[in-house]
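Participant: Here it is, the structure in full.
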Amino acid sequence: MHEFARGNPSPMSLTQEELEVLQLSLRVAFWSVLVSLPFAIAVAQVLARSNFPGKTIFDAVVHLPLVLPPVVVGFFLLLLFGRRGPIGALLDEWFGIVVAFRWTGAALAAGIMGFPLMVRAIRLSIEAVDRRLEAAASTLGAGRAGVFFTITLPLALPGVITGALLSFARSIGEFGATITFVSNIPGETRTLPLAIYTYTQTPSGDAMAMRLSLLAVVLSLVALYLSEVLVRRAARRMRGEDAVGPG
Amino acid sequence: MLSVRVERTLGKFRLAASFQAGEGVTALFGRSGAGKTSVVNAIAGTLRPDRGLIEIDGTTLFDSERRIDVPTPKRRIGYVFQEGRLFPHLSVAQNLRYAGLFSRGMPAKSFDHIVELLGLKDLLDRRPGNLSGGEKQRVAIGRALLSDPRLLLLDEPLASLDAHRKSEVLRYLELLRDEIRIPVVYVSHAVEEVVQLADTVVLLSAGEVAAVGSAEEIMGRPDLRSATGTFEGGAVIDAKVVKQDMQYDLATLAFDGGELTATNVDALIGEPVRVRIRARDVSIALERPRSISIQNVLAGTVAELSPGQGGIVDVSIAIGSTILRSRVTQLSARELGLAPGMNVYALVKAVSLNRAGSSPA
């Protein structure tokens with residue numbers, strides 16, 4: 001197993017290892033959110049505004065990662081997206097994309113685990129959009145897609161931000177599915193929680209685990225604060241109020 | 001030219017209405033629940049009739065026989081809703097230009113013209129959340145007009161405004177009526193608005209067209225009273241301001257048959273106004289009275305007596321070609337010996353001559 005640098009790192013700056021872990025975690029979370037967002041918006045719109053047979057089952061499947069043990073999700077991912085798995089083999093053959101034991105796999109696992117949270121927040125926010133505004137837009141010439149992109153989606157923006165943040169936070173914290181699917185490879189798949197876990201398994205690693213845990217706390221606070229600011233700004237915009245002061 | 005024939009059954013309510021509307025303002029008038037909004041929604045395409053035919057300028061929008069149902073975005077019908085429905089995330093200017101996103105916008109010249117006409121210039125950069133109710137409705141009207149419509153539908157656009165805002169928006173609507181050349185269908189249950197704006201009134205009652213005619217005709221007919229909701233009864237008179245007496249704040253209005261004095265007439269000399277005189281504000285005398293506070297004494301002849309419930313009689317009095325209505329008790333009618341053809345004097349209190357629309361319905 002990879003050994004972390006010993007010694008007493010400065011309390012105010014991050015070591016090379018810590019920086020690497022942080023960067024990897026941010027990259028994994030960023031891409032997982034970015035890639036899953038369009039799907040989540042589409043699924044949320046369908047759940048909020050359409051009725052079709054089997055909707056309940058569809059809804060349940062979307063929510064599955066929320067209730068399944070993460071290890072189970074990781075295991076299924078391994079079966080499907082492993083190099084010999086049905087999807088993994090196709091991806092490799094057609095696009096040369098390999099996700100197994102790569103950071104991209106960690107992003108995939110994180111995206112799937114955060115998906116239900118994202119869909120839920122966006123769906124609630126779409127359901128809250130006044131349908132009479134959508135009807136007004138259609139009398140002005142907007143077709144279904146036009147109404148969606150100019151009215152529904154902008155008005156649901158606070159929910160989209162909340163959903164993205166929830167999923168981002170979930171991605172930063174993802175452990176079970178990640179370690180099962182892509183293992184714990186330093187610099188490739190060892191994200192923040194995995195690094196903390198590794199330190200707790202290492203003799204005299206408690207101090208390092210504490211440093212990384214504090215880092216996780218700071219990261220979460222920053223993300224929460226940012227989303228709060230963004231949601232508030234978006235909500236003010238949605239209420240149709242004039243901007244107050246600069247920004 | 002708009003031609004509408006719609007049938008729709010919804011639970012116990014059955015809508016079966018047909019009418020035509022040409023240039024100018026056609027008021028769909030009737031009490032709440034008469035089916036007015038269902039009719040305009042069918043025209044806009046947001047409600048699908050069971051059967052019917054909707055055509056405008058030779059284009060079929062809906063035809064149940066030929067299975068034609070043009071979707072709402074393609075109908076080119078401007079719709080102004082009761083609650084405005086401005087898009088809160090867009091500025092006033094973006095709201096006005098919204099239809100342009102879907103190549104339904106108007107050239108810049110029309111944009112400037114309509115902004116000017118509705119007095120929206122100072123609002124362009126504002127957001128809808130901070131506008132007053134009247135301003136919101138003006139923007140909504142502008143937005144609908146700028147979508148290059150073949151027809152403008154206004155569904156109780158003044159219903160959610162207070163009396164002051166109502167008359168503000170009403171003035172703009174009057175202005176528009178005289179400026180734009182597309183047919184307007186105006187839904188309302190307020191007598192005053194209909195009287196002031198409508199060229200033609202389509203009276204809806206329990207889902208059916210009860211009568212079609214000019215505002216004067218419809219509002220004056222005693223037999224339509226339960227459908228119009230004008231239980232008070234009255235007459236609508238087209239007049240013109242001929243004198244404004246600043247000292248007493250009195251205006252003299254000339255109409256076909258005589259002159260009337262009125263207070264609170266917010267119009268310039270020469271401007272046409274419509275006034276509504278409620279039957280209960282008109283008394284009858286057999287001789288010209290002297291020393292009386294009532295300013296308007298008009299000579300006429302009794303045209304018709306229609307007894308109503310509760311011991312009252314509505315008397316139609318012809319003054320020139322204008323018909324005034326007076327509500328008196330049956331007892332007074334007998335004591336005066338009122339009969340068609342009699343010469344009488346109609347006494348109208350000047351204060352009751354509010355300009356239609358400036359008083360709450």
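Participant: Please label the shape of chain B as rounded, prolate or oblate, based on the square roots a ≥ b ≥ c of the eigenvalues of the alpha-carbon gyration tensor (a/c under 1.5 means rounded; beyond that, a/b larger than b/c means prolate, else oblate). Present the calculation step by step, with values, prior to reporting the outcome.
Facilitator: Working: a/c = 2.64, a/b = 1.56, b/c = 1.70.
The shape class here is oblate.
Participant: Using label points projected 7 Å from each Cα along Cα→Cβ, tell me how many nm separate A:V67 and B:E116, to one decimal.
Facilitator: Distance between label points: 6.5 nm.
Participant: Quick one: A:E134, A:E228, B:E135, fewest Cβ neighbours within 10 Å first, how do they rank? Walk me through the numbers before you get to the answer.
Facilitator: Values: A:E134 19, A:E228 13, B:E135 23.
Going from sparsest to densest Cβ surroundings: A:E228, A:E134, B:E135.
Participant: Using the Cβ atoms and a cut-off under 14 Å, what net charge is assigned to the surroundings of B:E55, where Lys and Arg are +1 and Asp and Glu are -1?
Facilitator: On the way: positive: B:R5, B:R66, B:R75, B:R76, B:R150; negative: B:D57, B:D63, B:E65, B:D69.
Neighbourhood net charge equals +1.
Participant: If you don't mind, there's one more thing I want to ask. Using a 10 Å cut-off around each Cβ, can you sort A:R170, B:R97, A:R232 from fewest to most neighbouring Cβ atoms?
Facilitator: Working: A:R170 22, B:R97 18, A:R232 12.
Going from sparsest to densest Cβ surroundings: A:R232, B:R97, A:R170.
Participant: Would you compute, from DSSP H runs of 4+ residues alone, the mean residue ellipticity of chain A at 222 nm, taking -39500 (n - 2.57) per run and dividing by the full residue count, rounded to the nearest 500?
Facilitator: Working: 11 runs with 173 residues, N = 247.
Roughly -23000 deg cm²/dmol at 222 nm, from the helical runs in chain A.
Participant: Here's another thing I want to ask about it. For B:L101 and A:T200, what does the FRET efficiency come to when R0 = 60 Å and r is the distance between their Cβ atoms, rounded to the nearest 0.05?
Facilitator: On the way: r = 56 Å, r/R0 = 0.93.
FRET efficiency, B:L101 to A:T200: 0.60.
Participant: Looking only at other chains, what is the average number of their beta-carbon atoms within 10 angstrom of each beta-carbon in A:119-129?
Facilitator: On the way: counts 0, 0, 0, 0, 0, 0, 0, 0, 0, 0, 0.
Going residue by residue through A:119-129 and averaging, the value is 0.
Participant: If R0 is 35 Å, what FRET efficiency do you get for A:L14 and A:V35 from their C-beta distance, rounded to 0.05? Working shown, then result.
Facilitator: Numbers: r = 27 Å, r/R0 = 0.78.
Using R0 = 35 Å, I get an efficiency of 0.80.
Participant: Name the residue from B:V4, B:I269, B:L253 whose Cα lies farthest towards the positive end of the charge dipole of chain B, charges +1 on Cβ of Lys and Arg and -1 on Cβ of Asp and Glu.
Facilitator: Positive-most Cα among the choices belongs to B:V4.
Participant: Could you please report the charge total around B:I68, scoring K, R as +1 and D, E as -1 over all other residues with beta-carbon less than 13 angstrom from its beta-carbon?
Facilitator: Taking every Cβ under 13 Å from that of B:I68, the sum is +2.
Participant: Nearest 10 degrees, 0 to 90: what angle lies between the long axis of helix A:206-238 and the longest principal axis of chain A (Cα atoms)?
Facilitator: Approximately 10 degrees, to the nearest ten.
Participant: Which of B:S32, B:A144, A:L80 sits closest to the plus end of the dipole of the protein assembly as shown, meaning its Cα is farthest towards the positive end, when Lys and Arg get +1 and Asp and Glu get -1 on the C-beta?
Facilitator: Looking along the dipole axis, the top candidate is A:L80.
Participant: Where is the GNM fluctuation largest for chain B (alpha-carbon springs, 10 angstrom cutoff): B:L197, B:L170, B:L336?
Facilitator: B:L336
Participant: Roughly speaking, what is the stretch gain from B:D249 to B:I68, that is 0.36 nm per residue apart minus the C-alpha to C-alpha distance, in nm to one decimal? Provide the component values of the computation, followed by the final result.
Facilitator: Numbers: separation 181, 0.36 × 181 = 65.16 nm, distance 5.76 nm.
Using 0.36 nm per residue and subtracting the Cα-Cα distance, I get 59.4 nm.
Participant: Counting Lys +1, Arg +1, Asp -1, Glu -1, what net charge surrounds A:L78 among other residues with beta carbon under 14 Å of its beta carbon? Show your work: numbers first, answer last.
Facilitator: Numbers: positive: A:R83, A:R84, A:R102; negative: none.
Spelling it out: positives minus negatives among the neighbours equals +3.
Participant: Given the -39500 (n - 2.57) contribution per DSSP H run of 4+ residues, what per-residue ellipticity at 222 nm results for chain B, rounded to the nearest 500 deg cm²/dmol?
Facilitator: Working: 10 runs with 82 residues, N = 361.
Roughly -6000 deg cm²/dmol at 222 nm, from the helical runs in chain B.
Participant: Calculated FRET efficiency, B:Q309 and B:D57, Cβ-Cβ r, R0 41 Å, to nearest 0.05? Walk me through the intermediate numbers first.
Facilitator: Working: r = 46 Å, r/R0 = 1.12.
About 0.35, to the nearest 0.05.
Participant: If a paramagnetic tag sat 7 Å from the Cα of B:T9 along the Cα-Cβ line, which residues of the range B:196-215 would have the backbone N under 20 Å from that point?
Facilitator: Backbone N within reach: B:205-209.
Participant: What is the mean projected area of the alpha carbon convex hull for the protein assembly as shown, to one decimal in square nanometres? Let's see the in-between values first.
Facilitator: On the way: hull surface 157.4 nm².
In nm², the orientation-averaged hull projection of the protein assembly as shown is 39.4.
Participant: Give the distance, in whole Å, between the Cα centre of the range A:140-163 and the Cα centre of the range A:38-59.
Facilitator: For the range A:140-163 versus the range A:38-59, the Cα centre distance is 16 Å.
Participant: Is there a pair in A:K55/B:K12; B:K12/B:K136; B:K243/B:K349; B:K36/B:K121 whose C-alpha atoms are over 25 Å apart, and which pairs would that be?
Facilitator: Pairs exceeding the cut-off: A:K55/B:K12; B:K12/B:K136; B:K36/B:K121.
Participant: Which order results if B:R181, A:R144, B:R127, B:R138 are arranged by neighbouring Cβ count within 10 Å, fewest first? Write down the numbers at each step before the final one.
Facilitator: Working: B:R181 7, A:R144 13, B:R127 23, B:R138 26.
Fewest to most other Cβ atoms nearby, the residues stand as B:R181, A:R144, B:R127, B:R138.
Participant: Any idea how far the Cα center of the range B:2-17 sits from the one of the range B:315-329, in Å?
Facilitator: 36 Å
Any read-out appearing in this document is the output of simple, stated calculations on the displayed coordinates, not a laboratory observation. Keep in mind that what you see is a predicted model, and the values were worked out from it rather than measured. Don't worry about glycine lacking a Cβ; one is built from the backbone with ideal geometry, like all the others, and counts go over all protein chains shown.
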